[in-house]
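Let me begin by presenting the structure, written as structure tokens, before commenting on it.
The values are calculated or read from the model by the stated rules, or taken from the named source; none is laboratory data. Bear in mind the structure is a predicted one, so any value in this text is a computation, not a measurement. When we count neighbours, we look across all protein chains shown, and the Cβ atoms used for this are built from the backbone with ideal geometry, even at glycine.
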Amino acid sequence: MTTPSDTTTDSAYRSPLLDRLPGAVPADGVDAGVAAHYGDLFREQRALASGHGFVDLSHRGVVTVSGPERLSWLHLLLTQHVSELPPGRATEALILSPNGHIEHALYLVDDGATVWIHVEPGTTPELVAYLQKMKFFAQVEITDATEEYAVVFAAGAEGPAVPEAAAERRLADGRDLFVPRASLTDAVVGLGPAAGLWAYEALRVEAHRPRLGFETDHRTIPHELGWLETAVHLQKGCYRGQETVARVHNLGRPPRRLVFLHLDGSEESLPAHGDPVRLASDGPDGRPVGFVTTAVRHHELGPIALGLVKRNTAPDATLLAGQVAASQELIVEA
């Protein structure tokens, strides 16, 4: 799997689990610093899919927001309805530009006193700077907690308690654990076999879940990726970019749409992030209709990918993802 390059990522970071767990092969690109795999990609995928094992996500950024007005204040900034978010309920949200383009994706949970958020590697300084700028007189405390806390994904809706965890996001397929960095190696004991980022990403692609910096570029809006269903609350306003969200939703015509691609399994190599997507009928020199966002090898489906294509691309058209023939499934309706 190839990843976007990101010069803002702290490439000096190296998870202690890389040196503690046998077979660890480091990832690169924005995911540098944690394991891409541990020597058996498909075994790792099968373990996660069956609800066993963990993934080291300690390269991700961690932000906390505390104070009595934390939820009402975040409610004014985020695309999600969080003013009455119950303790322990996981959610996700976006921060948009004034024109409605996606700038940040936040994965958060409130523990009753603090909102715990994890974000893409390298995006924390910009996010914290924006939040600080919007603080004004609100009774909130914003902290870049990346140096103190790390994120671990534990597969399975139920699992052993992790005493080291300061907070956890319970998801349908597992838990995001916020653990002290000093306790990272202890926190993963008892969570089952280790799985790398390649396995984690393969299951993300299978589930059609977009990722900031992979499925997005500088002009992506939430409607194009299906994020309206999970990260945007259409009945709330008062956040930056809301006018664009409402207008495009009411018109129902986002300029592009995310598609799920079944790639030709006879090809040895996967298309890279950013490779052009063309109509197969136009050949490899035809005008691009989009680009590949994430391509992976899945333990059951074979080579698959996500791609962002023009809205008017025929849903039944055979495509070329880079040089690889691909059929498409709709994620966002044409």
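Things worth noting here:
- When residues of region 86-103 are limited to those that are within 21 Å of the chain's Cα centre (by Cα) and in a loop (DSSP other than H, G, I, E, B), the one farthest from residue 230 (Cα to Cα): 97
- So residue 58, is it of a type in the set (Ser, Thr, Tyr), crowded, with 21+ Cβ neighbours inside 10 Å, at pLDDT 95 or above and closer than 27 Å to residue 298 by Cα: yes
- Screening residue 236 with (1) touching a residue at least 24 places away in the same chain (Cβ under 8 Å); (2) over 15 Å from the mean Cα position of the chain (by Cα); (3) not in a loop (DSSP other than H, G, I, E, B) gives one miss only, at (3).
- Output for region 104-125, where each listed residue is more than 20 Å from the chain's Cα centre (by Cα) and not in a strand (DSSP E or B): 111, 112, 113
- Checking residue 36 against (1) part of a loop (DSSP other than H, G, I, E, B); (2) at pLDDT 95 or above; (3) in contact with a Gly (Cβ under 9 Å, 6 or more places away or on another chain), the condition it does not meet: (1)
- Test: residue 143 is under 22 Å from the mean Cα position of the chain (by Cα), among the polar types (S, T, N, Q) and closer than 30 Å to residue 275 by Cβ: no
- Selection within region 276-325: residues that are polar (S, T, N, Q) and in contact with a helix residue (DSSP H, G or I) (Cβ under 7 Å, 6 or more places away or on another chain). The member of this set that is surrounded by the fewest Cβ atoms within 10 Å (Cβ to Cβ) is 318.
- Close contacts from region 97-123, counting a first residue that is in the same structural domain as residue 180 (by TED's automatic domain parsing) and under 11 Å from residue 65 (Cβ atoms) and a second that is in a strand (DSSP E or B) and aromatic (Phe, Trp, Tyr), with Cβ to Cβ under 7 Å and a gap of 6+ residues or different chains, come to 108/116; 116/178; 117/107.
- Any hit, region 186-199, residues being in the same structural domain as residue 55 (by TED's automatic domain parsing), outside any strand (DSSP E or B) and among the β-branched types (Val, Ile, Thr): yes
- If you go through region 288-313 and keep only what is without any contact (Cβ under 8 Å) to a residue 24 or more places away in the chain and not charged (D, E, K, R), you end up with 288, 291, 312.
- Single residue of region 192-216 satisfying the filter (under 10 Å from residue 298 (Cα atoms) and among the charged types (D, E, K, R)) that is surrounded by the fewest Cβ atoms within 10 Å (Cβ to Cβ): 206
- Some residue of region 242-259 being surrounded by fewer than 19 Cβ atoms within 10 Å (Cβ to Cβ), at pLDDT below 95 and among the hydrophobic types (A, V, I, L, M, F, W, C): yes
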